[in-house]
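The values are calculated or read from the model by the stated rules, or taken from the named source; none is laboratory data. Keep in mind that what you see is a predicted model, and the values were worked out from it rather than measured. Using ideal geometry, Cβ is built from the backbone for each residue, glycine included, and neighbour counts are taken over all protein chains shown.
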DNA sequence: ACCTGAACACCGTTCAAGT
DNA sequence: ACCTGAACACCGTTCAAGT
């Protein structure tokens, strides 16, 4: 599986073919199919393998729940951005053990923090949605400089049609990390209000 | 383009090949390439073509900004779910005119509602992230009943490892629409707090 | 200006056959 | 139990050639 991740890192999602993976593995032609059902399974395994989370060591001091949530979610996003193919793999993938582990942890933190049981699932899915959307978006904007230039050019050409987003420089603002954590703060404010 | 959307609706993302599309179009073999650069462009066009938004007719009464935002975003999500392939197409796609139009509208509503300029882009991207994450997730869980059964089975088998999400039935809760709008409310609460 | 078909360089997957 | 290579049924894209 490590080899599949290497290949995806190096060549992107289109670069992984069963034939090339077999090659890279040194093993001859099609022996892969003895170990794995099909290409989908390879993607499932690669995705989950990249999402392992190790909680930071507990110091004696009481941790605050917001900090814990933020830490885990920022790590989640960072893990996926380290392997940009993982974002485009996300749709239609199974939930592997590492993903389930993160959801479990998130549940525990939030319910310990006093989020009502009735709101818990909504809160978790909201955070999930936020992280997944942010990651998918971020990865898809991380294109070549050429592409960025083209997008910028097109937008200024169309500035009469989209005056507001042109003025606020919505598409040019490149502080992705800052936007991510500030938006997360907004969301957590929303949860905290219902506690 | 309508034909491409039909084909995607009928057969999913894997069902669209340049050859089959040409066939369906009645046109012979490879004449597509005179009209379009490559397959990527076909996907770009298909995605945007499905995201047109018509604002609801303005009654004389003053509309509330939360209602407008919720309406547009729920329509956005619904449009994508009507064409499930659009969710998996989202990563790495260009922003077409319909998408830009929605972002422009959102900007206008929020800034009219009094969201500070400094918070505007963060708010918009947060909502974007939320909608995209929710849609991608929803579409990917809408698998065959077989798949759902397998997932459920696996989770109960692993209930010792994931007690909290097992207890809250996180993965079985099927009120997606309700979760979407309740989570959206949380977010808007967060924005309103900063006004 | 628009369409065509053959051709090239790939794919995923199966399967009989090997050790 | 594990690997192999040939074979099948596809792909996206190019390009010389047609109207």
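Being more than 19 Å from the chain's Cα centre (by Cα), more than 9 Å from DNA strand C (Cβ to nearest atom) and under 24 Å from residue A:95 (Cα atoms): is that true of residue A:3 here?
Yes.
Check whether at least one residue in the stretch A:113-130 is under 24 Å from residue B:90 (Cβ atoms), touching a residue at least 40 places away in the same chain (Cβ under 8 Å), more than 8 Å from every other protein chain (Cβ to nearest Cβ) and crowded, with 18+ Cβ neighbours inside 10 Å, and report yes or no.
yes
Results for (1) assigned to a helix (DSSP H, G or I); (2) at pLDDT 85 or above, shown as yes or no for each residue.
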site: B:60; (1), (2): no, no
site: B:75; (1), (2): yes, yes
site: B:88; (1), (2): yes, no
site: B:101; (1), (2): yes, no
site: B:104; (1), (2): yes, yes
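Look through A:83, A:71 and report the one residue that is crowded, with 16+ Cβ neighbours inside 10 Å, within 17 Å of the chain's Cα centre (by Cα), on the phi < 0 side of the Ramachandran plot and away from DNA strand D (no atom under 16 Å from the Cβ).
The unique qualifying residue is A:83.
Answer yes or no: is there a residue in the stretch B:34-49 that is on the phi > 0 side of the Ramachandran plot, within 14 Å of DNA strand C (Cβ to nearest atom), out of contact with any strand residue (DSSP E or B) (no Cβ under 9 Å at 6 or more places or on another chain) and away from chain A (no Cβ under 14 Å).
Within the stretch B:34-49 (the criterion being on the phi > 0 side of the Ramachandran plot, within 14 Å of DNA strand C (Cβ to nearest atom), out of contact with any strand residue (DSSP E or B) (no Cβ under 9 Å at 6 or more places or on another chain) and away from chain A (no Cβ under 14 Å)), the answer is no, since none of the residues qualifies.
Please pick out the residue among A:149, A:139, A:193 that is modelled with pLDDT under 75, within 8 Å of chain B (Cβ to nearest Cβ) and more than 21 Å from residue B:98 (Cβ to Cβ).
Residue meeting the stated conditions: A:139.
Of all residues in the stretch A:159-183, how many are assigned to a helix (DSSP H, G or I), more than 8 Å from every other protein chain (Cβ to nearest Cβ) and in contact (Cβ under 8 Å) with a residue 12 or more places away in the chain?
Adding up the residues that qualify gives 3.
Among the listed residues B:54, B:66, which satisfies the condition of being within 14 Å of chain A (Cβ to nearest Cβ) and either part of a loop (DSSP other than H, G, I, E, B) or away from DNA strand C (no atom under 16 Å from the Cβ) (or both)?
Only one candidate qualifies: B:66.
Please go through the stretch B:14-33 and give me each residue that is exposed (fewer than 14 other Cβ atoms within 10 Å of the Cβ), more than 8 Å from DNA strand D (Cβ to nearest atom) and away from chain A (no Cβ under 14 Å), ordered by number.
Of everything in the stretch B:14-33, those that are exposed (fewer than 14 other Cβ atoms within 10 Å of the Cβ), more than 8 Å from DNA strand D (Cβ to nearest atom) and away from chain A (no Cβ under 14 Å) turn out to be B:23, B:26, B:27, B:28, B:31.
If only one of A:126, A:111 is assigned by TED's automatic domain parsing to the domain that holds residue A:69, assigned to a helix (DSSP H, G or I) and modelled with pLDDT under 90, which one is it?
Step by step, each of A:126, A:111 is checked, and only A:111 is assigned by TED's automatic domain parsing to the domain that holds residue A:69, assigned to a helix (DSSP H, G or I) and modelled with pLDDT under 90.
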